[in-house]
Amino acid sequence: MTQESRWKAFTVDVADHVALVTLVGPGKGNAMGPDFWTELPLLFGELDADPDVRAVVLAGAGKHFSFGLDLPAMSGDLGKVLADKALAAPRTEFHEMVKRMQAAITAVADCRKPVVAAVQGWCIGGGVDLISAADIRYASADAKFSVREVKVGMVADVGSLARLPLIIGDGHLRELALTGKDIDAARAEKIGLVNDVFEDADAVLAAAQATAAEIAANPPLVVHGIKAVLDHSRSPRVDDSLRYVAAWNAAFLPSEDLTEAVAAVFEKRPPEFRGR
């Protein structure tokens, strides 16, 4: 069953109790613009409620999984908090926007149907937030990962800092988040960010689909129970972290460095940060 026409940022195909959800943009590199953030919780809410779906594969169209947040498409929302950065109203609006974006990613984590992510090419920023909400992550040999928000004057606020400590450990996360460095698939496997690495995009997608099929063949209520038990102790910690970072960014995100970072993206030049 294909439901492509219903979504702008995704295609969805369901067969043999497995839903294949593919990011399709419309931004370059499947960048995450307004449609992505609006549709993601709706889509995963439907998948969670669909009795025909027992597992989900999450993939990206083309050469890359996702370039992360679509800064040009989202610049209007960021502009509101930067334009009147001393005032409470734009900070409140920004806080609500962050919480909505967090809820979109959390819809993936909370889906009772296990999610297997298949990553090829770049997985940057918001892309890492997204796969951190999956249950299982696979990568192609050409995959590259970056918790890059620090490079654009932001504290990552929609999932990576909350979920990755329980996936890769505190030390590895601090290295990635504080440097914004890129790591390849081999390093990602070594630190536990991905479970396994496959030759290319076709191979990683096939592996993800095979694992999803294995899950779908098991008793669905037991699968739901396993997820519920595994999430029981993790969810309060994640929720607390998300609340804190939303408040932190609403208070401290507006800065000259963020304005400089956004300008540098549009002007395609290195930013010059001054700590102001």
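Brief remarks follow.
- Against the main long axis of the alpha-carbon atoms of the chain, helix 34-49 sits at an angle near 30°.
- The Stokes-Einstein estimate for region 198-251, based on a Kirkwood radius over Cα pairs and taken at 10 °C with 1.306 mPa s viscosity, is a diffusion coefficient of 112 µm²/s.
- Highest average packing first - 231-240, 130-139, 10-19, Cβ atoms within 10 Å: 130-139, 10-19, 231-240
- Of all accessible heavy-atom area on region 8-265, the percent that carbon and sulfur account for (1.4 Å): 58
- The residues of the chain present an accessible area of 46 Å² per residue when probed at 1.4 Å with all protein chains retained.
- The relative contact order of the chain, computed from alpha carbon pairs under 8 Å that lie at least 6 residues apart in sequence, is 18 percent.
- Summarising the amide proton neighbourhood of A55: residues at separation of 5 or more, or on other chains, whose placed amide H is nearer than 5 Å comprise A19.
- Kirkwood-Stokes translational diffusion coefficient of the chain, alpha-carbon pairs, 37 °C, 0.692 mPa s, µm²/s: 173
- Phi-based couplings in Hz for region 140-147 (Karplus 6.51, -1.76, 1.60; Gly and Pro marked x): 7, 4, 8, 5, 9, 10, 7, 8
- The GNM of the chain, with springs linking C-alpha atoms under 10 angstrom apart, assigns the highest mean-square fluctuation among L58, L20, L71 to L71.
- Lysine pair count for the chain with Cα-Cα distance under 20 Å and sequence separation of 8 or more or different chains is 16.
- The alpha carbons of region 122-245 stretch over 45, 36, 20 Å along the principal axes, in descending order.
- FRET efficiency estimate (nearest 0.05) - Cβ-Cβ, E267 to E175, R0 30 angstrom: 0.55
The values are calculated or read from the model by the stated rules, or taken from the named source; none is laboratory data. Worth saying up front: this structure is predicted, and the values here are computed from it rather than measured. In this analysis, Cβ positions are derived from the backbone assuming ideal geometry, glycine residues included, and neighbour counts consider all displayed protein chains. Heads up: the accessible areas ignore ligands, DNA and RNA and are worked out on the full protein's heavy atoms, side chains in. Shrake-Rupley method; radii C 1.70, N 1.55, O 1.52, S 1.80 Å.
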